[in-house]
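Rule-based calculations on the coordinates, nothing more; no lab input. None of these values were measured; they are calculated from a predicted model. Note: ideal-geometry Cβ built from the backbone for every residue, glycine included; neighbour counts use all protein chains shown.
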Amino acid sequence: MTLSVLAPAAPATGALLPIYRRAPVEFVRGDGVELFDADGNAYLDFVSGIAVNALGYNDPGIAGAMHEAMASGITHVSNLYHTAPARRLADALAERSFASSVFFCNSGAEANEGAFKFARRWAGTIGNAKREIIALRGSFHGRLFASLAATDRPAYRAPFRPLAGGIGIAERDIDELAAMLDAETVAALILEPVQGEGGVRVIDPGFLREVRALTRERRVALIFDEVQCGLGRTGWLFAHQSTGVEPDLMTLAKPLAGGLPMGAVLLNEEIASSIKPGDHATTFGGGPFVASVALHVLERLDDPDLLRAVRDNGAWLGQELSALVGRTGRVRAVRGTGYIWGADVHSSAGEVVSRALEAGLLICTAGDHTIRLLPPLIATRDDLARGVAILEEVLGP
């Protein structure tokens, strides 16, 4: 296979605040699992808008849901009033999960911040000193002050200290957690069943079971952050379903509304019953337009055939990526499940991402030496094979 090098003109940034190091390409349209730049070059997308575009691009079902949602003429009324779309979406999420109640917001970071507040509100009914939040080494939970304090990325944290207090980070070790989860002072433990930004690390189910037992014993709320790994990406609607472990709260976002901004916090009955009017708020969360689209996306992502394909094709993808370790000499290790995979490379991950872009493949990083693959959940085995072939050529012998 000979790679063609794409060389589109670098787009201007205009007045955009430069908080992203944007790749030198501007996309103008998408279809299926591909994006296209202004020069008509096609790119196989293994980023999915950072795990957002689970159903790919130009999906007629999402377009139809958007048009239907606009038929009422209402995009927003605020949460001072009832709307049927938010209620239907909340009911659909509760029916499919452990939750009794759902809070909607606009992003994953907001969802995690809300979950921290809900956990502390509940913990306060047990003991006034139960306020601390514990996260795990390798975690990523967002860039707001509390979620940033729970994110194990020193470079992200350092410029913004002091961060929110009462939040600590523990090793992924049950003995250290046992020492840190003080029943008198800790309100919640938050973790990602699959750590995405932290190197695509699948948390061992046995460890999760030990964590669940420990948090129950000490009356510590267990929060699963499934913002990136949830909603079908592992081949299960919720990533924790494959482990048999249920949390007390769960946060969702990225693919929930098909690319529209939406996050959610799912709460069990005990914690939900401790929340009172005025404890939290959102202006836009769960608006009728975005909630209508999200219900369509949720129903599509809960399709057993789609989930089975993600599990089966994901296992095949893992085998193909693992084979690159021996064939290329440029890959040290591969980790992942379903359609979320990371590969540790000897060189700079950013350089591999740049070379892949030139070859027509979109991938992203999960650390300085880890590349991350997040194909749309509609990607076929042929699509995956094409991506692996391009990646192998990019990595070289």
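Here are some notes:
- Global form of the stretch 289-397, assessed from the alpha-carbon gyration tensor, a/c cut-off 1.5: prolate
- Compactness relative to 2.2 N^0.38 Å, alpha carbon Rg of the chain: 0.98
- The stretch 100-239 shape via C-alpha gyration tensor axes, a/c threshold 1.5: rounded
- Note that the stretch 138-147 has calculated 3J(HN,Hα) couplings of x, 6, 9, 10, x, 10, 7, 5, 6, 5 Hz, one per residue in order, obtained from phi through the Karplus relation 6.51 cos²θ - 1.76 cosθ + 1.60 (θ = phi - 60°); glycine and proline are x.
- Helix axis angle, 205-217 relative to the chain longest principal axis, alpha carbon, degrees: 20
- When both bridge partners sit in the stretch 72-301, DSSP labels roughly 40% of those beta bridges antiparallel.
- Contact order, relative form, for the stretch 72-301: 31 percent (alpha carbon pairs under 8 Å, 6 or more residues apart, mean separation divided by residue count).
- Local electrostatic count at Gly196 - Lys and Arg +1, Asp and Glu -1, tallied over other residues with Cβ under 13 Å: +1
- Cα gyration tensor category, rounded, prolate or oblate, for the stretch 24-177 with a/c compared to 1.5: oblate
- Where only DSSP H runs of four or more residues are counted, the chain gives -10500 deg cm²/dmol as its mean residue ellipticity at 222 nm, each run worth -39500 (n - 2.57).
- Counting every other Cβ atom within 10 Å of each residue's Cβ, Ser347, Ser147 order from fewest to most as Ser347, Ser147.
- Cβ-defined net charge surrounding Glu171, 11 Å radius [Lys, Arg +1; Asp, Glu -1]: -2
- Rounded to the nearest 10 degrees, the inclination of helix 108-123 to the longest alpha-carbon principal axis of the chain is 20 degrees.
- Tilt relative to the chain, helix 381-395 - C-alpha long axis, 0 to 90 degrees, to 10: 70
- Distance from the stretch 348-378 to the stretch 286-343 (C-alpha centre basis), Å: 15
- If only the Cβ of Lys and Arg carry +1 and only the Cβ of Asp and Glu carry -1, the dipole of the chain around its Cα centre is close to 740 debye.
- Among Cys105, Cys229, Cys364, the order by Cβ neighbours within 10 angstrom, fewest to most, reads Cys364, Cys105, Cys229.
- Derived scalar couplings ³J(HN,Hα) [the stretch 84-96; Karplus, 6.51 cos²θ - 1.76 cosθ + 1.60; whole Hz; x for Gly, Pro]: 5, x, 5, 5, 5, 5, 4, 4, 5, 5, 5, 4, 9
- Per-residue HN-Hα couplings for the stretch 195-203 [Karplus 6.51, -1.76, 1.60; θ = phi - 60°; Hz; x = Gly/Pro]: 6, x, 5, x, x, 6, 10, 7, 6
- Ordering Ile190, Ile223, Ile74 from the fewest to the most neighbouring beta carbons within 10 Å gives Ile74, Ile190, Ile223.
- The amide H of Asp225, built 1.01 Å from its N in the peptide plane, has Leu191, Glu192, Thr251 as neighbours under 5 Å, considering only residues 5 or more places off or on other chains.
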